[in-house]
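Here's the structure we're looking at; comments come further down.
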Amino acid sequence: MTSLSGLRVIDAATLFAGPSAAMLLGDFGADVIKIEHPRRGDPARGHGAAKDGVGLWWKTLSRNKRAAAVDLSRPEGQAVLRRLVESSDVLVENFRPGTLERWDLAPEDLMAINPRLVVARMTGFGQFGPMAQRPGFGTLAEAMSGFAASTGEPDGPPVLPPLALADGIAGLAMAYAIMVAVQARERTGRGQVIDMAIIEPILALLGPQMTAYKALGVVPQRTGNRSHSNAPRNTYRTRDGRWLAISTSAQSIAERVMTLVGRPDLAAEPWFATGAGRVAHVDELDEAVASWIAERDAEEVIAAFTEAQAAIAPVYDVSDIAEDPQYAALGTFVDLPDEELGTVTLQNVLFRLSDTPGAVRWPGPPLGRHTDEVLREAGHDAEEIAELRRAGVVA
């Protein structure tokens with residue numbers, strides 16, 4: 001048995017933040033029903049690389065989900081959702097605030113059908129406030145959170161991440177929020193509404209920037225690969241052209257690094273005893289480390305750092321990740337049969353549980369692959385399903 005066996009989740013969200021939360025629940029056994037528009041599908045199907053016209057990001061994002069194509073904007077589709085809610089634990093949605101209410105699917109209406117339902121609402125800016133009605137995506141959260149302002153070289157422009165970073169962080173946070181609400185339900189017997197704004201979880205991940213600003217007036221500046229809190233911390237190029245990353249968050253590691261590169265005199269300086277002191281002398285520290293590494297090949301540098309118990313890692317691209325023995329030992333990736341592509345490689349579950357492990361059981365399915373199955377479980381007979389299909393409500 002998996003951890004979340006028996007938990008039924010309706011994933012009526014689109015793109016990345018909400019669906020990634022549902023994906024994480026499905027990884028540990030939740031029965032996730034993915035609801036998509038019968039003709040358009042989830043736009044995430046068309047994002048990123050594709051093979052034979054099949055989106056590969058989708059294969060990960062909708063893994064372990066059953067795909068049902070239902071038009072929720074039509075009264076007949078809304079009736080289908082109400083039936084599904086009767087036997088479900090969680091509804092994940094990311095429609096613009098007011099949309100569910102306009103469809104007579106407001107949380108209070110759904111919870112009148114099933115008082116134990118948890119309604120997880122994921123939007124760019126939350127359900128209220130002056131920006132609530134605006135379209136909101138992860139890029140805007142990366143901009144508004146301070147992330148972009150603090151990322152990049154000091155003399156360069158703000159830098160946005162080349163991936164759905166804020167969406168992914170919000171998905172992780174929503175999965176946690178759902179489990180908190182489900183646990184509370186075990187005590188109260190009642191579900192509740194979760195209101196999550198994508199602009200907030202990434203803000204929390206950036207640390208105490210507001211605390212420091214209010215206390216000291218500090219506004220983080222772009223520092224490239226350097227850190228505001230410790231040094232040396234950077235990427236360094238080796239003699240054979242490889243890039244290596246070093247972190248010295250722990251004082252003992254910083255001392256080992258400077259001893260290794262032949263500068264124990266720097267480690268003996270009074271200012272070296274704190275991260276702030278080292279940051280104040282970052283140019284001197286970086287030059288010492290960079291010059292030592294530049295005179296050696298990557299293999300030699302990594303071996304020396306490993307022997308000295310100092311923290312170092314190569315800067316990988318995906319081709320390096322595919323060959324890395326640590327990822328292989330962890331089983332980080334799995335190859336699965338896929339009805340559209342034959343075989344597809346997906347990242348495995350995010351963590352390993354000793355007693356109730358999760359698993360990637362199947363990749364993201366074709367549009368509407370499980371519609372009939374899901375509707376039958378909700379109580380629709382064959383004639384009703386056929387009529388809904390003729391009317392274009394389901395596919």
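ASN225 fulfils the conditions (1) over 30 Å from ALA288 (Cβ atoms); (2) without any contact (Cβ under 8 Å) to a residue 24 or more places away in the chain except for a single criterion, (1).
Looking only at the range 263-279, how many residues end up being open to solvent by less than 70 Å² (accessible area, probe 1.4 Å) and closer than 13 Å to PRO232 by Cβ? Qualifying residue count for the region: 7.
Give the residues of the range 231-248 that are surrounded by fewer than 18 Cβ atoms within 10 Å (Cβ to Cβ) and in contact (Cβ under 8 Å) with a residue 40 or more places away in the chain, sorted by residue number. Outline the logic, then answer.
Keep residues of the range 231-248 that are surrounded by fewer than 18 Cβ atoms within 10 Å (Cβ to Cβ), which gives 235, 237, 239-243, 245, 247.
Scanning the range 231-248 gives THR235, ARG237, ARG239, ASP240, ARG242, TRP243, ALA245, SER247.
ASP89 meets the stated requirement of being closer than 29 Å to ALA141 by Cβ, surrounded by 16 or more Cβ atoms within 10 Å (Cβ to Cβ) and more than 18 Å from the chain's Cα centre (by Cα). Of everything listed in (1) touching a helix residue (DSSP H, G or I) at 6+ places or on another chain (Cβ under 6 Å); (2) of a type in the set (Val, Ile, Thr); (3) farther than 26 Å from PRO357 by Cα; (4) open to solvent by less than 40 Å² (accessible area, probe 1.4 Å), the single unmet condition for VAL118 is (3).
The criterion of at least 2 residues that are open to solvent by 60 Å² or more (accessible area, probe 1.4 Å) and of a type in the set (A, V, I, L, M, F, W, C) is met, among helices (runs of 4 or more DSSP H) falling completely within the range 280-368, by 318-323, 325-330. Can you tell me which residue among ARG256, ARG239 is outside any loop (DSSP other than H, G, I, E, B), of a type outside the set (Ser, Thr, Tyr) and either in the same structural domain as ASP155 (by the TED database) or modelled with pLDDT of 95 or more (or both)? None of the others qualify; the one that does is ARG256.
Looking at the structure I just gave you, is ARG102 within 22 Å of GLU387 (Cβ to Cβ) and of a type outside the set (A, V, I, L, M)? Spelling it out, it is not the case that ARG102 is within 22 Å of GLU387 (Cβ to Cβ) and of a type outside the set (A, V, I, L, M).
If you filter the range 279-289 down to residues that are of a type outside the set (Asp, Glu) and over 33 Å from the mean Cα position of the chain (by Cα), you find that the one that is farthest from TRP243 (Cα to Cα) is ALA280.
Which of the following residues is touching a helix residue (DSSP H, G or I) at 6+ places or on another chain (Cβ under 9 Å) and of a type in the set (A, V, I, L, M): LEU330, LEU346? Talk me through it step by step, then tell me what you get.
Working: LEU330 fails: touching a helix residue (DSSP H, G or I) at 6+ places or on another chain (Cβ under 9 Å).
The match here is LEU346.
Pairs linking a residue in the range 176-203 that is assigned to a strand (DSSP E or B) to a residue that is open to solvent by 40 Å² or more (accessible area, probe 1.4 Å), with Cβ atoms under 6 Å and 6 or more positions apart or on different chains, are ASP195/GLN127. Kindly provide the set of residues from the range 182-206 that are surrounded by 13 or more Cβ atoms within 10 Å (Cβ to Cβ), over 24 Å from PRO130 (Cα atoms) and of a type in the set (Gly, Ala, Ser), ordered by number. Selection gives ALA184, GLY191.
The values are calculated or read from the model by the stated rules, or taken from the named source; none is laboratory data. Owing to the predicted nature of the structure, the values given are computational and were not obtained by experimental measurement. Don't worry about glycine lacking a Cβ; one is built from the backbone with ideal geometry, like all the others, and counts go over all protein chains shown. Please note that ligands, DNA and RNA were not included when accessible areas were found on the heavy atoms of the full protein model with its side chains. Shrake-Rupley method; radii C 1.70, N 1.55, O 1.52, S 1.80 Å.
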